[in-house]
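All remarks here apply to the structure that follows.
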Amino acid sequence: MNQIADGEATVPDDTVAILAGGLPAVAREIVLASDPAQKVRLANAARSAWDEGRLSLGNVSSPHAMPARPGRPERPELLPPRAMPRRTTSGEKGRFALLHALAHIELNAVDMTWDLIGRFAHIPMPSQYFDDWVRVGQEEAAHFELVSRRLADLGGTYGDLPAHDGLWQSAQATRHDLLARLAVVPLVLEARGLDVGPSMIASLSQSGDKASAAVLEVIYRDEKHHVAIGMRWFRFMCQRHGVPPEATFHELVRANFRGPVKPPFNDRARAEAGLTPGFYKPLTAFGAPR
Ligand SMILES: [Fe+2]
Ligand SMILES: [Fe+2]
């Protein structure tokens, strides 16, 4: 098999062919792939190729067709959020269930990020925008891999438990509008990860599972940076369109996100990512009236 050296690893022929199609085509293949391991491989290959200047933006004169739904493995069984069985929270079973739910969130994050990259690639943006999102897309794949490895260490695998199918809704709801996508995905959903991260890390540490706690530390650190990237491009787009960032954020979240934005907030981590209370406090059930 003809392979091209890529550091220590090699890039298989099919990946070389996919990379030749340009960034939006790679993004599409990642979202379409039903095997999570293939999503991870492609995301890693795309990041190296992009960072080394071997992957071009391709033809972005018109919108790139992205799949309505991502490819998924046969397992886990996907259930509507309301049909999900109550999760065990204690003991090793509880930790496995927590890590399994996290693996599912990270796999969705892989698809949501590459969907953002592919779907909106025709909008002229500075090259830093693509550098940022390609990095995020590869880091989400790395998170999925790290959590999957912990599932394996605990004797199981991603797919052993049912997972809920509600996360893709946010991607669907914002498929026509980059500004709405930025408001809902990094600045509501990922910011929520900053709120719950520290207590999850503490409880894993207390139960003696230092290895899982260490994985969550990596994810928490990276997610803070992802929220900062979301903030940077949300502000950039607001400036481009001449609209006020906070009021626009409130409008877009109310129109595209179901339910209130829930406290308690990790105000400090949010502020470190540039997400100040004026953005999210008015969206809580007790926030300013509409
Ligand atoms: Fe992540
Ligand atoms: Fe993230």
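Is it true that some residue in segment 239-246 is without any contact (Cβ under 8 Å) to a residue 60 or more places away in the chain and within 15 Å of ligand 1 (Cβ to nearest atom)? No, the conditions are met nowhere in segment 239-246.
Scanning segment 39-61 for residues that are more than 11 Å from Ala121 (Cβ to Cβ) and out of contact with any helix residue (DSSP H, G or I) (no Cβ under 8 Å at 6 or more places or on another chain) yields Ser48, Glu52, Gly53.
Of the residues Arg72, Arg54, Arg119, Arg41, the single one that is surrounded by 13 or more Cβ atoms within 10 Å (Cβ to Cβ), away from ligand 2 (no atom under 16 Å from the Cβ), within 15 Å of Trp133 (Cα to Cα) and among the charged types (D, E, K, R) is Arg119. Restrict the check to segment 189-201 and report whether at least one residue is in a loop (DSSP other than H, G, I, E, B) and small (Gly, Ala, Ser). Within segment 189-201, not a single residue is in a loop (DSSP other than H, G, I, E, B) and small (Gly, Ala, Ser).
Looking only at segment 157-188, count every residue that is part of a loop (DSSP other than H, G, I, E, B) and on the phi < 0 side of the Ramachandran plot and tell me the total. Going through segment 157-188 one residue at a time, the tally reaches 12.
Checking each residue in segment 92-109 for being in contact with a Ser or Thr (Cβ under 9 Å, 6 or more places away or on another chain), farther than 16 Å from Glu77 by Cα and within 16 Å of ligand 2 (Cβ to nearest atom) picks out only Glu106. For segment 215-227, taking the residues that are more than 11 Å from ligand 2 (Cβ to nearest atom) and of a type outside the set (D, E, K, R), the one that is surrounded by the most Cβ atoms within 10 Å (Cβ to Cβ) is identified as Leu216. Residues of segment 75-91 that are over 19 Å from the mean Cα position of the chain (by Cα) and either within 16 Å of ligand 2 (Cβ to nearest atom) or not small (Gly, Ala, Ser) (or both): Arg75, Glu77, Leu79, Pro80, Arg82, Met84, Pro85, Arg86, Arg87, Thr88, Thr89. Among the residues making up segment 125-142, those that are away from ligand 1 (no atom under 15 Å from the Cβ) and either not in a loop (DSSP other than H, G, I, E, B) or not aliphatic (A, V, I, L, M) (or both) are Pro126, Ser127, Gln128, Tyr129, Phe130, Asp131.
Every residue, every condition in (1) within 15 Å of ligand 1 (Cβ to nearest atom); (2) assigned to a helix (DSSP H, G or I); (3) of a type in the set (A, V, I, L, M); (4) touching a strand residue (DSSP E or B) at 6+ places or on another chain (Cβ under 9 Å), yes or no:
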site	(1), (2), (3), (4)
Ala65	no, no, yes, no
Pro73	no, no, no, no
Pro85	no, no, no, yes
Lys93	no, yes, no, no
Asp111	yes, yes, no, no
Gly118	no, yes, no, no
Ile123	no, no, yes, no
Phe144	yes, yes, no, no
Gly155	no, no, no, no
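Contact map, segment 255-275: residues that are aromatic (Phe, Trp, Tyr) paired with residues that are at pLDDT 95 or above, Cβ distance under 6 Å, separation 6+ or inter-chain. Pairs shown: Phe257/Val184; Phe257/Val188; Phe265/Asp195. Of note, Glu106 satisfies the criterion of being more than 15 Å from Arg69 (Cα to Cα) and within 16 Å of ligand 1 (Cβ to nearest atom).
The values are calculated or read from the model by the stated rules, or taken from the named source; none is laboratory data. Note that the coordinates shown come from a computational prediction; the quantities given were computed from them, not determined experimentally. No Cβ is skipped: glycine too gets one built from the backbone with ideal geometry, and neighbour counts run over all protein chains shown.
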